[in-house]
Structures are given as structure tokens and as C-alpha cells.
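Okay, structure first, notes after.
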Amino acid sequence: MKLNKRSVAHYALSDSPADHMGFLRTWGGPGAPPTPSGTGRRCWFVLKGNLLFSFESREGQAPLSLVVLEGCTVELAEAPVPEEFAFAIHFDAPGVRPHLLAADGQEAQEAWVKALSRASFSYMRLVVRELESQLQDARRSLALHRCTSQKASASCRKPQAPDSRSPGLENGHFLPRDCSPVGTVEGVGYRPVGWDLPEWELQGPTGLLLGRGQSPVSPETSCFSTLHDWYGQEILKLRQGWQQRAQGKQPGCKRQDKP
Amino acid sequence: MRYNEKELRALSQQPAEMAAELSMRGPKKGSVAKRRLVKLVVNFLFYFRTDEAEPLGALLLERCRVSQEEPGGFSISFIEDPERKYYFECCTQEQCQEWMEALRRASYEYMRCSLIFYRNEIQKMTGKDPLEQFGISEEARFQLSSLPRDRRAACVGTQLDELD
């Protein structure tokens, strides 16, 4: 399989930020003998994004090898290896043996395992999407606050503008995974009837991947749950209004006053 | 430079951001345009013969430049040799636009910038660091200072699009 090696090597040597670097002893990796033996080879490793490069030395002018870090997990190496600070990169790909590496000390070992575990593009994409949605919510809640302060002064005005509806809905997808009062929002049948909310669906898996009990929401949860309740009630009233108007269009139904 | 080809081939089988049959021409002089199945997976662009399951090749998309070539076509080149281009032809200009946008965003570098940008914005708005919950707030790669100067200015600026 071809690869744009020249460009890859250029990228390895360029001033693009490295996420981690250091000396490691290596046994596995591309081109190595089938079973780990001896003390391994000491190389200078540079991690850039999801790409792990090795060099003969810190001043190496060309990378020795590249390990693409997608679809892999990193674990402390298993017992048979009599190495103190060893760890291995396990690949999902069938028939691929783990790439064994060893650091010089415990701190280095832990730092590498941490860095490599979070090196995948997929992980990065998850974090970016999560932040993107947090920013959207922060912006909307800011707009909301402005809206509420206006509402406090303008007494009977209903929020008919689409903007005032959507924040509530999209705040809905921000449901924390802990048992915060936001649960009550769902209890009042808070569902976007007929509205397309692909973002809602996206947040579910993301929230789960963050781990149970970890709220994807920024620490002002109490603020958001208040907003949820407030909007939940507003939405309820609006729905009742629509339903009544819809019924009002049918013959034989009692006409209701606009709520 | 050796690389883990097996894993890369396995990656090419993963769900793609975008996949389509396009006409592709390599950078060598005199190369002929051929139909290829082109697949964008994370920061790699794989290309296959249309009737084969194993990829012919892959392009790492870090530090690449994506340019419009005649209507409906685009090229990918790399920073160290910008005239050495891989050419692609799409069915419509719309499809071409879609691909160009996707490819420009398909690098780890771009995502790192996005992350720093969003983090900065959220911090400004809420006073809190959104990375703390992930336990990655101290990582060097996510600090504003890790960006080269020109990108730093763009990140702190108003629009993320300025980074393109």
C-alpha cells in the first residue's frame, strides 16, 4: 500500500507541536522480529496527534518508523515481560501483535500511557464536538438571560420568536448523567414534538462515553436546571395553545381563548 | 520509514467521513486520471480500485493544501512541495465543495485549533475551563501557547473560519 511518506516524514520533522516525546525502548513495531527479545532498542519517540514516530536519536533527520494510533488501546505490559516500566499498544486489527515499549521510570511510563490512550483522532473529535455544543449552549443561555431580563420588564409578552423556543430544546440535550432536577423536565413530557433535533441524538452517546456520573454540562448545572424548568413550563403552555388551536379548527370543537 | 501497514489497512475499512467514486490523477508527470473509490477516514485519505477491498494507497492529510482546480475539481498538495499535486474530479461543483471543506477540516492540527478556540471562548463566557471535566486541562497540546503565533491570533479572534 502506498503512503505519501515524504510528506509524512516532513510532518514528523516540522515544527508542528508534539504532544509527547522521550526515549523509550522498543521491541515491536513495524519491521521488528516476531517475539520481543533482549533489551530492545532505545529510540527517541515523538507523538504528534495520532502518529507515533521513532528516531534513532533526538537529532535524527529521518523517522525510523511510524505507528498510526487509531483503533488501539494502551495497557501496562503483561507479567511475562521482566521489564519494570513496560507498556504495550494493542491493536484491534486482527493478527497484529501488541507493540511493546518501555520507559525509563514510572512517571515516564504513566505519562506515555496517558498520552497514547488519548492520541486517537476519534477521541479528539469527541472532545471538540462536546466543546462545540457547550459553547452553543453557553451562548444561548447568555441570550436567554438577556431575554429573561427583558421579559421581567415587559409583562404579558409571549416569547413567540423561534430563538426563545430553541434554547430550551437544545438545553434539553444537555441532560447531565447524574440525578439532577433536570430529570423533571422529561417528567413533564418535554419532547420536541415534530422538531428535528439531530444534536439531541448526538449528545446521548457522547454523554455515555464520558462515563456515568460525569456531567457533560459546565459546572453551572443549577443555573441550567432552572432554565430547563422555566422553559419546560413555557413549552407546555405553547403546546397546549397549539393543540387547542388545532382542535379549534375542527368542527364541533369548543373554541378556546388564546392562552 | 517503516509504518504499521496492517493497522492502516484496517483503518481504511472503518466507517468513513466521506466516500465517493472520483476521478484521480497522481502527481507524477504524465500520469493518467483513473476512477477510484476515495474514502476519508480520520486524517487519512484512502483510495481504492473501484472493484477492490484493499486500498491502493493512503494520503496523510496533515499540513496539506486543498485547492480548487477547474470547476468540479480539486487538488491536494503538501507544504514541502506545493506544486506536486494529487488531482481529483467530482461529478458536480457541489460535490467538489463538499470534499474540499471536509478535507480542510480533516487534520489533527485543525481539530487542535478548534479545541483551543472553543475552550477559550467557553472560558471567556463562563469563567470555567471545560477541559477540567476530562482531566486534560494541563496538557501542553491544548494550551493556547502551543499554537504558532499566527494561529494563536486567529484562535483568540472571533471566527474559527479564519483558521482555514
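The values are calculated or read from the model by the stated rules, or taken from the named source; none is laboratory data. Owing to the predicted nature of the structure, the values given are computational and were not obtained by experimental measurement. Quick reminder, even Gly has a Cβ in these numbers, built from the backbone with ideal geometry, and neighbours come from all protein chains shown. Accessible surface is based on the protein model in full, side chains and every heavy atom, while ligands, DNA and RNA are left aside. Shrake-Rupley method; radii C 1.70, N 1.55, O 1.52, S 1.80 Å.
What quantity of accessible surface, computed with a 1.4 Å probe and excluding non-protein components, is buried in total between chains B and A, in Å² to the nearest 100? Summing both sides, the interface buries roughly 5300 Å². Given a cut-off of under 8 Å on Cα pairs at least six residues apart, what relative contact order in percent is computed for chain B? It rounds to 15 percent for chain B.
Suppose every Lys and Arg Cβ carries +1 and every Asp and Glu Cβ carries -1, with no other charges. What dipole size does segment A:5-117 come out with about its Cα centre, to the nearest 20 debye? Each step should come with its number before you reach the end.
Details: 9 positive and 13 negative charges, 94 e Å.
Using Cβ point charges on Lys, Arg, Asp and Glu, segment A:5-117 gives about 440 debye.
At a probe radius of 1.4 angstrom, the accessible area of segment B:5-106 per residue rounds to 49 square angstrom.
State in Å² the accessible area per residue of segment A:5-117; use a 1.4 Å probe, count heavy atoms of protein chains only, and round to the nearest integer. Intermediate results must be reported in sequence, preceding the final value.
Working: 5370 Å² over 113 residues.
Per-residue accessible area for segment A:5-117 comes out at 47 Å².
For the listed residue pairs A:2/B:39; A:48/B:39; B:6/B:39; A:5/B:34; B:6/B:29, the alpha carbons are over 25 angstrom apart in B:6/B:29. Annotation for residue A:145 and residue B:94: the two label points, set 7 Å from Cα along the Cα-Cβ direction, are 4.2 nm apart.
Annotation note: GluC sites (Glu not before Pro) in segment B:51-117 located in DSSP loop regions with a Cβ neighbour count of at most 14 within 10 Å are B:52, B:80. Look at the stretch A:49-55: the mean tally of other chain Cβ atoms within 10 Å of its residues' Cβ atoms is 4. Of the residues making up segment B:29-72, those losing 20 Å² or more of accessible area when the isolated chain is joined by the remaining protein chains, with a 1.4 Å probe, are B:42, B:43, B:44, B:47, B:56, B:58, B:60, B:62, B:63. Scanning chain B for trypsin sites (Lys or Arg not before Pro) in DSSP loops with at most 10 neighbouring Cβ atoms within 10 Å leaves B:30-164 as the longest stretch between them. Counts of other chain beta carbons within 10 angstrom of each beta carbon in peptide B:117-126 average 6.
Surface composition of segment A:5-117: carbon and sulfur atoms hold 53% of the protein heavy-atom accessible area at a 1.4 Å probe.
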